[in-house]
Amino acid sequence: MSRPAARKVAPKGEYIETVRNLHLDQHPKPQDSNISKTLPFLTTFSLLLVTSPIVQPPFLIPFQDSGNKVSRRSAITGTANITLGGRTVIMADVQLRGDLHPTRSAPSQSGKDVTPTSISIGRCTVISTGSVVKPPSRISRGVVHYYPMKIGDNVFVGPNSTIQAISISSHVHIGANVVVGPFAIIKENVKILPRAVVPANMVIASGSVVGGQPARVVGEVGEGWGVSGGGGLGVGAGWGEDKWVEGGDLRELVRSIR
Amino acid sequence: MAQSFPYTYYACDCFDSNTTTSTKRASQVVAAAAATEDEEQTFDPQNPRSNYALYPLEHLLYCEDCQQIRCPRCVLEETLNWYCPSCLFEVPSSVVKSDGNRCTRNCFNCPICISPLVVNLLENADADQGTPDRHILICPYCHWSTLETGVEFEKHTGVYAQLARIANGGKHIPTSKERDKERERRKELEARQRDSKNPLSPSSETAAVETEAREPPSRDDLFSNLAAFYKSQLEAQTPANPFSPGEMNFSSPSAYSRIMNLYSTNTAKKQKRVKPTPMREAASELEGLVIYDPASDSAAIERIKRDGWNSTLSPTQKLAQTNPHLQFADELRPIPTLLCTKRSKRCRSCRHILSKPESKITSTRYKIKLLALNHIPRLSIRALPPTNPPIPSIPGGSTASQPQPFNYNTLRSGIPTHFLLHLSNPLFDPIRVTLATSSTTPGKVQSRVTILCPQFDVGANTDVWDDALSSSPAPMARRSTINAETGQIEAGKIWDKGRNWTSVAIEVVPGFLADLKNVSGEEDGLDEDDDLLEIPIFVRLEFEADVHAEERGLSDSRGSKAERESREQAFWTVVGAGRIAGR
Ligand SMILES: [Zn+2]
Ligand SMILES: [Zn+2]
Ligand SMILES: [Zn+2]
Ligand SMILES: [Zn+2]
């Protein structure tokens, strides 16, 4: 892939490691005018690079290990409205629509304009290739209003899925080619089978397995959901697939993606 | 099976081994044991019964007292509480008893597609003129709405209670009190007609005319009529029941036996004690008797002729309804959401609690959770990479730069294929493992299977740091390699090992699907999933453990002596290695 000629020295490889937050929370932003718009590829790219260790602004923690991995080939818009919790992976061809943020401005205490968050993603969450993450919207009096979306920790989103949930809790495993409709609420420890279509507004109680079109509860995850056998780290060391289990801690999976 | 390859299922032998029959007589147990000995043969994953014995490891519990795997078949479940999966409100057990296992708030499922319904406000153009708001339930998936059955609501809350009063088409559903009143009124009317007229005169005709004019009784009407009839019968039998005044008491044993008496032949049992006089059966519509009317069938046929099959319901749609005898789409009712439960689980043979979640609905934690995966090694299978171990690929995450992942769905018949069996040990003691399998897989398509190193040791699951701190790493002996010339893997040696895991190679020659046609002489002797390459593997472990290892956490003070005992554990597993490609 021919990379855009970046102004800064880019690290090698598919992924750009970023520090904790894409969203430069509570700090003055260098390119405020551009940020809330749909950013073209190049701008996104350079913005990400700002957070690379070489041009480390003083207010960013140079904590490389907690860095998120964001593919150079992902399409992220509205970067300022997106927070990534750390060790989170955004793969190639993923669309994160941070530009679709709430317009109703919340009154801020300091008097300054607070950037509204549209997508917040927790720690060790993996958004696989080709998935689209788009905040849900409602039309009221002819105006489209977007609502902020929250995704928890250790969530796996399979390839080519479309996510419009209002909230996804932690330890959720979403299969490939899944559609999660607007305003769906997915509680903790849920497994969504591949090709499922979760209807709008559906609430999926914790511990459920859902599948089908439309998705319905087809079972329960076992008591051992997310528990990697052998207690903690190191099981199956040297064997990629075994180091993580569905619904479990995805740290090892995140580490193996490069 | 929808599971993607490769996978491993563990078999719980609770059904076959009769371990749960501790209450059986000794002779039976001996007989059962003899029977199982006879049946000591390869576990057949394609046997229809196997479906009920195989579970993924994370679904299995472990009883430390019985030292056995416990599957959903050999545990007892106890309901801790009920809750609605949609609004996540807990429902007290008293409400479940009185109102049934459905959410009585606003949660409904679509009668067409089962997706959860949402309450929508209908556009109200005349809101200024005081027209009240109208709400409907609508399906966000298939767009069915209660407008199609003529049901609207005044408020957006308490929909369940509102729906209970509105019949399809907007008519009022009488409450049980109104029903009682109406029944009494009609009974009196009938009685008066009987009294006033000569019994011989054709009075029944006028009564018939009157019933014709009214609608056929609904299912609820008939139920309440029948319930009232039985109640009156019970009261007639036991005039004074101080414990349940007015309350119908169907569940009392005496009432039950009396009702059952209706259906048993009198000569069946001659009991010495005074038999309760059998009750009369319902004899009229007001007593809950409904007489089959052929006219309703012909009306239904006419309607299907007119509206086509699309107006009828699928069996699934019918069964999801509270009244499963509906025929047409306009009779559908929104389905109140079924409640879910939180349950604790006990060992069926020793009654110890194996899992107990915290009772709070919002909590996902467990007070007790004895998982099999903390006691049973995890066995997994994976195709042996033709070259060096590839970059761990994750589903769908493969990019062009990564090597082509092994396609488990197209195993080639007759070509020896190597897989790795990987066994990781969750126990704090090293284990000696013996794997066994039959040389050919059971089932129609016979694949040859050879485990190249069936006996090996797996290290203890010590702390990661113990491993790092101990200066001498485990000697990497007995590594197997691929012979560069022949492509053969050296037998008798393990493939690789680590702190608490060992992997061994297994050679599989997938069977031929085509052969079957000749053997059976039929067009196609193959059933669905006959092309699955599922290998049954018997796993036997031997290890030395502290006698009270499981109590270590509780009574560490006296455990210093560390009495050791040798233990053994054995179970069947089935590994799904892939699907054999058709020619
Ligand atoms: Zn069992
Ligand atoms: Zn509910
Ligand atoms: Zn529907
Ligand atoms: Zn037990």
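Using packing as a proxy for protection, rank B:327-337, A:117-127 so that the peptide with the highest average count of other Cβ atoms within 10 Å comes first. Don't jump to the answer; show the numbers that get you there.
Numbers: B:327-337: 18.5, A:117-127: 24.0.
Put in order of decreasing packing, that is A:117-127, B:327-337.
Using r as the Cβ-Cβ distance of B:Ala164 and B:Phe328, and R0 as 30 Å, what FRET efficiency do you calculate, to the nearest 0.05?
0.90
Could you work out the mean count of beta carbons from other protein chains within 10 Å of each residue's beta carbon in B:109-122?
Details: counts 2, 2, 0, 0, 5, 6, 12, 10, 2, 5, 1, 0, 0, 0.
Other-chain Cβ atoms within 10 Å of each residue's Cβ, averaged: 3.
Please give the contour-minus-distance gain from B:Thr410 to B:Ser566: 0.36 nm per residue of separation, less the Cα-Cα distance, rounded to one decimal in nm.
Values: separation 156, 0.36 × 156 = 56.16 nm, distance 4.35 nm.
Between B:Thr410 and B:Ser566, full extension yields an extra 51.8 nm.
Please give the FRET efficiency for B:Ile291 paired with B:Cys87, using the beta carbon to beta carbon distance and R0 = 30 Å, rounded to the nearest 0.05.
Details: r = 42 Å, r/R0 = 1.41.
For R0 = 30 Å, the calculated efficiency reads 0.10.
Take the cross-link list A:Lys69/B:Lys497; A:Lys150/B:Lys367; A:Lys134/A:Lys187; A:Lys134/B:Lys318 and give me the ones stretching past 27 Å between alpha-carbons. Provide the component values of the computation, followed by the final result.
Numbers: A:Lys69/B:Lys497 31 Å; A:Lys150/B:Lys367 29 Å; A:Lys134/A:Lys187 19 Å; A:Lys134/B:Lys318 37 Å.
As for pairs spanning more than 27 Å Cα to Cα, those are A:Lys69/B:Lys497; A:Lys150/B:Lys367; A:Lys134/B:Lys318.
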How do B:Lys171, A:Lys191, B:Lys318 rank when sorted from fewest to most other Cβ atoms within 10 Å of their own Cβ? B:Lys171, B:Lys318, A:Lys191
Added length on full extension, which subtracts the Cα-Cα distance from 0.36 nm per residue, B:Lys305 to B:Leu80: 75.9 nm
Convex hull volume of the Cα atoms in region A:68-256, per residue, in Å³? 128
Short version: ³J(HN,Hα) in whole Hz for each residue of region B:42-47, in order, from phi by Karplus 6.51 cos²θ - 1.76 cosθ + 1.60 (θ = phi - 60°), x for Gly and Pro, what are they? 4, 5, 9, x, 8, 4
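Just to verify a number: FRET efficiency for B:Glu490 and B:Arg343, C-beta to C-beta distance, R0 = 56 Å, to 0.05?
On the way: r = 50 Å, r/R0 = 0.89.
Efficiency at R0 = 56 Å is approximately 0.65.
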Expressed in nm to one decimal, what extension gain is obtained for the pair B:His156 and B:Arg185 from 0.36 nm per residue of sequence separation less their Cα-Cα distance? 6.9 nm
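Arranged from highest to lowest average of other beta-carbon atoms within 10 Å per residue, in what order do the peptides A:174-186, A:246-258 appear?
Ranking, from highest mean packing down: A:174-186, A:246-258.
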Using 7 Å Cα-to-Cβ label points, what is the B:Asp133/B:Leu319 separation (nm, one decimal)? 3.9
Quick check: pseudo-label points 7 Å beyond the Cα along Cα→Cβ at B:Ala283 and B:Lys360, how many nm apart are they? 6.2
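Here, each number is a calculation from the coordinates, and none is a lab measurement. Note that the structure is predicted; figures quoted are calculated from it, not measured. No Cβ is skipped: glycine too gets one built from the backbone with ideal geometry, and neighbour counts run over all protein chains shown.
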